[in-house]
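Below is one structure, written out as structure tokens; the observations come after it.
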Amino acid sequence: MEALLRDVMAGMGQDAETASTLPPAAYTSQAFFNLEMAKIFRREWIPVGHIAQVPSEGDYFTIDVLNELLMVVRGTDRIRVLSRTCLHRWAPVAAGAGNAKRFSCPFHLWAYDLKGQLVSAPLMNHAKDFEPKRHSLPEIRSEIVGGTIYISFSSTARSIGDVLADHTRALADYRPSDMQIAYSVQFDLPFNWKIAVETFMEAYHHLGAHADTLERSFPAALHWVDDSREGWTAGHGYLKKSLPTSTVLQSGLLPFAHLTEDQKRRSLAHLIYPMHCIYMNVDRIHWTSILPLAPDKSRWVRHVLVSPESKALPDFAEIVERLRTSGLNITAEDVAVNTLQQLGAASSYAQAGRLCHLEKPVWQLADYIRRRIAS
Ligand code: FES
Ligand SMILES: [Fe+2]
């Protein structure tokens, strides 16, 4: 681990032109993964969902983050993120998603209200001085920014609303807090979380992985990436010049009202560090959270968000089915190559590789990780 850390930190001070990847062991080492969890994921803000998942009082969904079993609940007053591990003998008190007035543990029926307050504990009257009212499921610190529900396990992390003030302005025209969920997908990936984030952000791989799909409309060569800033970065693409703008307007959804003709021809990918990936299409937003599970395993949670006007379209259900299929096809192209990449990273012959200018986000993520690890 010491040698790996030395190798990782040796890249400090590189810039986009001189950069190489992190050492491959940073994608396979359990010790390095543990360090990332402690220095990054336990300290930063992690996106767990969108407010459109819990529009009404009593709505809830469950999500597991860093081995913590959590649930996001809309109470009478506000949204809370609560531990869902029972205060009695630790069984989870909720599963999946739904609407509830209270959460009743399946083991011995202790029950909690929407604030996590224990309201019933059957036959506990013999337990001396036991007062249900004094027991509540722990609440995890949370903030809602642009409709996204972020949590932090740190009590000292700077407010993500402050960190993302410029990002909030950049996204304001999309009305992200009003967005509705068209559909959601979740699956586990057999590779490191950084691989998923990097592939989301860099367009160099359109040449190979998406040769028959994205490369034909949004070619790698027409992409560029913003200079580094705190908290997030952005990658931009442009529709192939020979294609009409109508190429990107075929889903059947309504395009976002604020977009100019030129903006409709652009693609826009945002990464909010460490792993909140947002892709803006002309008529929908791909909201993605990539949760680390192990050095070689990640969980991909995606919500496809649309405007309320699009969701009200009479043929919305058919549109969603078409989108689901085409979206999964593109994702499958990434997953196939990233699965192989993880295998290659474990080879003793693998080494840090030089980066193309289109892979600036890969360098930016490495730079972010080095600075967090050094802190
Ligand atoms: S573990 Fe939940 S009631 Fe016993
Ligand atoms: Fe891709």
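The values are calculated or read from the model by the stated rules, or taken from the named source; none is laboratory data. These figures come from a predicted structure and were not determined experimentally. When we count neighbours, we look across all protein chains shown, and the Cβ atoms used for this are built from the backbone with ideal geometry, even at glycine. Keep in mind that these areas ignore ligands, DNA and RNA; they rest on the heavy atoms of the full protein, side chains included. Shrake-Rupley method; radii C 1.70, N 1.55, O 1.52, S 1.80 Å.
Considering the range 308-320 alone, what residues qualify as being surrounded by 13 or more Cβ atoms within 10 Å (Cβ to Cβ) and in a helix (DSSP H, G or I)?
As a first pass, look at the range 308-320 and keep what is surrounded by 13 or more Cβ atoms within 10 Å (Cβ to Cβ): 309-311, 313, 316, 319-320.
Of everything in the range 308-320, those that are surrounded by 13 or more Cβ atoms within 10 Å (Cβ to Cβ) and in a helix (DSSP H, G or I) turn out to be Glu309, Ser310, Lys311, Phe316, Ile319, Val320.
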Name the single residue that is farthest from Pro138 (Cα to Cα) among those in the range 66-79 being touching a Ser or Thr at 6+ places or on another chain (Cβ under 9 Å) and open to solvent by less than 20 Å² (accessible area, probe 1.4 Å). Ile79
Of the listed residues (Trp287, Trp300), the one being in a strand (DSSP E or B), open to solvent by 20 Å² or more (accessible area, probe 1.4 Å) and not hydroxyl-bearing (Ser, Thr, Tyr) is Trp300
Out of all the residues in the range 186-223, which are part of a strand (DSSP E or B) and surrounded by fewer than 15 Cβ atoms within 10 Å (Cβ to Cβ)? Gln186, Phe187, Asp188
If only one of Ala317, Ala269, Ala345, Ala312 is among the aliphatic types (A, V, I, L, M), more than 28 Å from Lys241 (Cβ to Cβ) and either in contact (Cβ under 8 Å) with a residue 40 or more places away in the chain or in contact with a Pro (Cβ under 8 Å, 6 or more places away or on another chain) (or both), which one is it? Ala345
Just give me the residues in the range 58-113 being aliphatic (A, V, I, L, M), within 16 Å of ligand 1 (Cβ to nearest atom) and in a loop (DSSP other than H, G, I, E, B), in sequence order. Leu87, Ala91, Val93, Ala94, Ala95, Ala100, Leu109
Scan the range 273-283 and give yes if some residue there is of a type in the set (A, V, I, L, M) and not in a loop (DSSP other than H, G, I, E, B), otherwise no. yes
Do the conditions hold for Thr85, that is, is it in contact (Cβ under 8 Å) with a residue 12 or more places away in the chain, under 19 Å from Ser142 (Cα atoms), touching an Asp or Glu at 6+ places or on another chain (Cβ under 9 Å) and loosely packed, with under 13 Cβ neighbours inside 10 Å? no
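Suppose we filter Ser83, Ser120 for residues that are hydroxyl-bearing (Ser, Thr, Tyr), over 19 Å from Leu291 (Cβ atoms) and more than 16 Å from ligand 2 (Cβ to nearest atom); which single one remains?
Working: Ser83 fails: over 19 Å from Leu291 (Cβ atoms).
None of the others qualify; the one that does is Ser120.
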Given (1) of a type outside the set (Lys, Arg); (2) in contact with a His (Cβ under 7 Å, 6 or more places away or on another chain); (3) open to solvent by 30 Å² or more (accessible area, probe 1.4 Å), identify the lone condition not met by Leu305. (3)
Count - residues of the range 242-284 that are open to solvent by 40 Å² or more (accessible area, probe 1.4 Å) and polar (S, T, N, Q): 6
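Residue-wise test of (1) assigned to a loop (DSSP other than H, G, I, E, B); (2) open to solvent by 20 Å² or more (accessible area, probe 1.4 Å); (3) at pLDDT 95 or above; (4) among the small types (Gly, Ala, Ser).
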residue: Ser326; (1), (2), (3), (4): no, yes, no, yes
residue: Glu333; (1), (2), (3), (4): no, yes, yes, no
residue: Gln341; (1), (2), (3), (4): no, yes, yes, no
residue: Ser347; (1), (2), (3), (4): yes, yes, yes, yes
